[in-house]
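Report on the structure given below.
The values are calculated or read from the model by the stated rules, or taken from the named source; none is laboratory data. Because the structure is a prediction, the values reported are computed rather than measured. So basically every Cβ, Gly included, is an ideal-geometry build from the backbone, and we count neighbours across all protein chains shown. With ligands, DNA and RNA removed, areas are computed over all heavy atoms of the protein, side chains included. Shrake-Rupley method; radii C 1.70, N 1.55, O 1.52, S 1.80 Å.
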Amino acid sequence: MDVLVCLKRVVLAGSTFVLTPDSRDIDTKHLGFGISPHEENAVEAGVQLVEQMGGSLTLLTLGPTDAEEQLRSQLAIGATRGILLETEGEDWDPQATAAALVEAIMAEETNFDLLIFGAESADSAGYQIHIRVAHALGRPIVTNVKSMKIENGIAQCERVVGTTRELYEVPLPAVITVRDGLNIPRYPSVPGRIQARKKPIDHKKPTPRVPKLEKVSLSVAPSNTAGAQILGSGPEAVPALVEVLKTIGILA
Amino acid sequence: MILVLVDHDLGELDPLSLRAITAARKLSADVQGVVIGATSEASSKLAYVVGEHGASVLHVAQHEGLTDYTPAASGRALAQLVEKLKPEAVLAAGSPRGNEQLAHLATLLDLPMAAECSVISLSKSPGVPHSVTRARWAANLLEEAFVHSDLLIATVLAFSVEAEPVPGSSAATVENFQPSLEPSDLIVRVMGRGGESSKGGVTLADAKVIVSGGRGVGGPEGFAQLEELAGLLGGAVGCSRVVTSAGWRPHAEQVGQTGTKVAPDLYIAAGISGAMQHIAGCKNSKTIVVINTDPEAPILAYADYAIIGDLHKVIPALTSAIKEMKG
Ligand SMILES: Cc1cc2nc3c(=O)[nH]c(=O)nc-3n(C[C@H](O)[C@H](O)[C@H](O)COP(=O)(O)OP(=O)(O)OC[C@H]3O[C@@H](n4cnc5c(N)ncnc54)[C@H](O)[C@@H]3O)c2cc1C
Ligand SMILES: Nc1ncnc2c1ncn2[C@@H]1O[C@H](COP(=O)(O)O)[C@@H](O)[C@H]1O
């Protein structure tokens with residue numbers, strides 16, 4: 001079983017964003033980087049499949065040179081190798097990103113049985129790169145998968161919509177996109193980290209394209225409340241809260 | 001004309017589609033709907049509701065392969081309808097299904113797609129891009145973007161528009177069409193359904209009251225008191241990602257960017273710091289009450305009321321006060 005997981009380096013912010021002076025990007029000076037939880041689940045799923053069935057797990061990302069950090073940290077949990085499509089650091093639009101990913105996948109000798117993506121990227125949330133890649137490769141795609149089993153070359157997938165679980169079955173080779181909750185991603189072990197330093201990462205330079213979805217500027221979404229009214233400290237404040245619950249009609 | 005994908009599950013309308021129709025009406029008086037894979041009985045019911053919201057025609061894709069949700073086939077059917085009707089824009093709800101079906105459409109037409117737009121303004125002259133404001137980082141950031149294509153393909157951010165009926169309007173005219181589908185369009189389709197994914201009566205998505213716990217709850221046992229309080233208030237239990245990653249609670253209870261987005265009347269956040277990815281899932285709640293030991297916790301900025309203190313003392317006190325009231 002040869003699996004490929006696509007992931008994206010994103011900034012990890014706590015409770016607020018600060019933008020750069022030109023409002024085109026997030027000011028990342030004081031922030032760390034990671035990948036989306038969805039993509040952590042994707043890597044964990046890939047590692048589990050290779051553990052069960054043998055084969056290889058390749059990680060593919062398009063991003064700045066520093067995205068090597070994200071590849072290394074995911075190699076540390078058990079992936080085989082990485083491919084980094086280096087940009088100058090700017091975001092590529094979904095069509096350009098998908099085209100570069102497709103080109104890199106087609107250039108591989110391995111005919112991957114399964115490509116796994118996150119359901120959407122944490123930062124730009126375009127909901128489409130995986131679908132574009134699936135079409136270009138002529139493969140079926142199931143999105144938003146929350147549970148999965150592979151048997152006899154068929155991926156049985158479940159996705160949750162509201163309160164019902166939808167069941168899908170697709171023959172491999174296929175593409176799936178996964179959601180947080182699919183599994184509980186493991187933490188890298190110390191030996192895992194050491195091995196990851198020696199695992200191969202191919203660096204490639206993809207050809208940029210003129211963006212069709214062109215970012216002009218960013219702004220921080222306004223918050224809708226003025227901040228909390230403090231009702232008091234500890235259990236003594238409970239009567240005040242009970243009054244509030246009566247006022248808003250929760251308690252009679 | 002603006003074409004709006006009217007989404008449904010086995011004939012049951014996704015109410016977000018009505019919001020997408022209202023968003024379209026704000027751009028053009030000429031709005032038509034399209035429904036894929038609904039029975040003719042379901043379609044005429046849908047035609048009534050979408051008509052009330054201002055769509056004049058409801059195009060109904062009919063094909064023997066379309067008996068349940070089949071996203072790639074939706075993309076193909078939409079592409080053929082676009083070819084025939086030449087709309088200025090195709091819109092859908094910014095839901096998993098809406099985003100997915102329009103992404104198939106955009107891919108088949110090799111056009112850009114702008115997901116989760118809160119503002120759309122259509123270009124009036126060829127060569128000039130459309131502009132949109134779209135949500136990024138679970139709507140914590142807004143992006144102004146140009147969309148360079150004649151046909152705009154976009155989804156409407158879930159709660160950015162209210163659905164508005166148009167007074168004096170009547171049912172949309174049903175027009176059937178037969179898409180020609182490839183066998184590959186029909187591979188991925190819903191083959192069956194499992195029951196409720198949540199245990200117990202109230203689900204997170206439609207609970208009126210949610211009692212949510214974070215790292216501050218301290219462990220799986222600590223959630224018993226949250227369950228008791230939620231039970232008393234007829235609500236459901238929610239949690240933060242720290243809690244699901246630690247395996248204390250099932251993922252179905254996670255609120256936030258990668259969990260469930262909720263909008264209850266009352267959201268009680270106990271031992272949750274208020275990372276923006278959590279706030280993304282609960283900020284549409286009518287009233288947010290925080291219980292936290294830290295008076296500086298970021299969640300206070302988004303909350304309406306707060307008690308500063310240990311949740312292990314405050315929640316039992318609240319529970320007994322409510323029990324006493326109820327007698
Ligand atoms: C792309 C992305 C998506 C994400 N999606 C989600 C998501 O969907 N949902 C989500 O929740 N997170 C999500 N996260 C994670 C998020 O960034 C935070 O890590 C997480 O929400 C923090 O959980 P917490 O508030 O429980 O923990 P902490 O941040 O550790 O906060 C614990 C809080 O409990 C308080 N506390 C401690 N003890 C007590 C006590 N005895 N009584 C009262 N208060 C106490 C502390 O003061 C503190 O405020 C996502 C992250 C990323 C990068
Ligand atoms: N720059 C990138 N490099 C590799 N994979 C990516 C990149 N951007 C997005 N993806 C993958 O595509 C998924 C969907 O992204 P999006 O269409 O932006 O929502 C993500 O969860 C990733 O798995």
Tilt, helix B:71-85 to longest principal axis of chain B (alpha-carbon atoms), in degrees rounded to tens, equals 40 degrees
Helix-only [θ] at 222 nm, chain B, -39500 (n - 2.57) per DSSP H run of 4+, per residue, nearest 500, equals -8500 deg cm²/dmol
Reported to the nearest 10 Å², A:I150 has, with a 1.4 Å probe, an accessible area equal to 30 Å²
So, with points 7 Å from each Cα along the Cβ direction, the A:S23-B:E164 label distance in nm works out to 2.6 nm
Once all protein chains are kept in place, B:T173 shows an accessible area at probe 1.4 Å, nearest 10 Å², of 80 Å²
To the nearest 20 debye, chain B has a Cα-centred charge dipole, built from +1 on Lys and Arg Cβ and -1 on Asp and Glu Cβ, of 420 debye
The distance between the Cα centres of region A:215-243 and region B:219-237, in whole Å, is 22 Å
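Classify region A:173-252 as rounded, prolate or oblate from the Cα gyration tensor: take a ≥ b ≥ c as the square roots of its eigenvalues, call it rounded if a/c is under 1.5, otherwise prolate when a/b beats b/c and oblate if not.
Since a/c reaches 1.5 and a/b is larger than b/c, the shape of region A:173-252 is classed as prolate.
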In whole angstrom, the spacing between the Cα centers of region A:1-17 and region B:120-166 equals 25 Å
Exposed-loop cut sites defined as GluC sites (Glu not before Pro) in DSSP loop states with at most 10 other Cβ within 10 angstrom; longest site-free run of chain A spans A:110-252
With every protein chain kept in place and a 1.4 Å probe, region B:206-327 has an accessible area per residue in Å² of 35 Å²
With all protein chains present, chain B has a carbon and sulfur share of its accessible area (1.4 Å probe) in percent of 53 percent
Filtering trypsin sites (Lys or Arg not before Pro) in region B:114-179 by DSSP loop and by at most 10 other Cβ atoms within 10 Å leaves B:K124
Rounded to the nearest 10 degrees, the helix B:96-109 long axis (Cα) sits at an angle to the longest Cα principal axis of chain B of 30 degrees
Taking the alpha-carbon centre of each part, the distance from region A:143-190 to region A:47-84 in Å is 18 Å
If one compares the long axis through the Cα atoms of helix B:223-232 with the longest principal axis of the Cα atoms of chain B, the angle in degrees, nearest 10, works out at 70 degrees
antiparallel share of DSSP beta bridges within chain B, to nearest 5, in %, is 25 percent
